[in-house]
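**Q** I have a structure I would like to understand better, so I am pasting it below and will then ask my questions one at a time.
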Amino acid sequence: QVQLVESGGGLVQAGGSLRLSCAASGRTFSGFGMGWFRQAPGKERDIVATISWSGGDTYYRDSVKGRFTISRDNAKNTVYLQMNSLKPEDTAVYYCAVRTSGGLGFSRSAYAYWGQGTQVTVSS
């Protein structure tokens with residue numbers, strides 16, 4: 001059974017940093033694209049960043065460019081999201097997801113497996 005477990009969320013002051021991790025189990029995901037999404041209360045779940053199977057290609061939504069970095073360790077079946085210079089508008093539940101193909105994925109429908117989410121709260 002495929003399982004994705006996120007960790008690293010929490011409460012941080014504006015300007016601070018957090019590092020989210022997503023550990024996958026049940027199968028190897030080294031050949032598949034992975035991504036991070038976020039969902040704030042009353043809003044849609046939107047893409048934050050996505051990374052190809054090799055890590056060679058990445059994409060970030062405009063509002064996090066230069067502040068967030070997505071990376072992966074295929075040997076550990078884990079994807080990371082380093083979040084720096086956090087802003088109150090980054091507050092949301094963050095979800096990791098895995099595709100069943102190797103490229104980038106920009107929409108929810110491009111992903112087959114999802115984690116349960118981790119809360120990130122940025123205070124002003």
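**Q** Kindly report the accessible area of the chain per residue (heavy atoms of protein chains, probe 1.4 Å, no ligands, DNA or RNA), in Å².
**A** Value returned for the chain: 48 Å² of accessible area per residue.
**Q** Next question. Determine which lysines satisfy two conditions relative to Lys65: a Cα distance under 18 Å, and not lying fewer than 8 residues away in the same chain.
**A** Those lysines meeting the cut-off are Lys87.
**Q** Continuing with this model, one more query. Measuring from label point to label point, each 7 Å out along Cα→Cβ, what is the Asp62 to Ser7 span in nm?
**A** Here the answer is 3.7 nm between the modelled labels.
**Q** Once neighbouring chains are kept in place and the probe is 1.4 Å, which whole percent of the accessible area of region 1-119 is contributed by carbon and sulfur?
**A** 46
**Q** Determine Rg/Rh for region 2-52; Rg is computed over alpha-carbon atoms and Rh is the Kirkwood hydrodynamic estimate from the same atoms.
**A** 1.01
**Q** Dividing the alpha-carbon radius of gyration of the chain by 2.2 N^0.38 Å (N being the number of residues), what value is obtained?
**A** Rg over 2.2 N^0.38 Å, computed on Cα atoms: 0.97.
**Q** Once the mean 1/r over all distinct Cα pairs of region 57-98 is inverted, what Kirkwood radius in angstroms do you read off?
**A** 11.7
The values are calculated or read from the model by the stated rules, or taken from the named source; none is laboratory data. What you see is a predicted model, and the numbers here were worked out from it, not measured in a lab. All Cβ positions, glycine included, derive from the backbone under ideal geometry; neighbour counts span all protein chains shown. The area values use the complete protein model at the heavy-atom level, side chains included, leaving out ligands, DNA and RNA. Shrake-Rupley method; radii C 1.70, N 1.55, O 1.52, S 1.80 Å.
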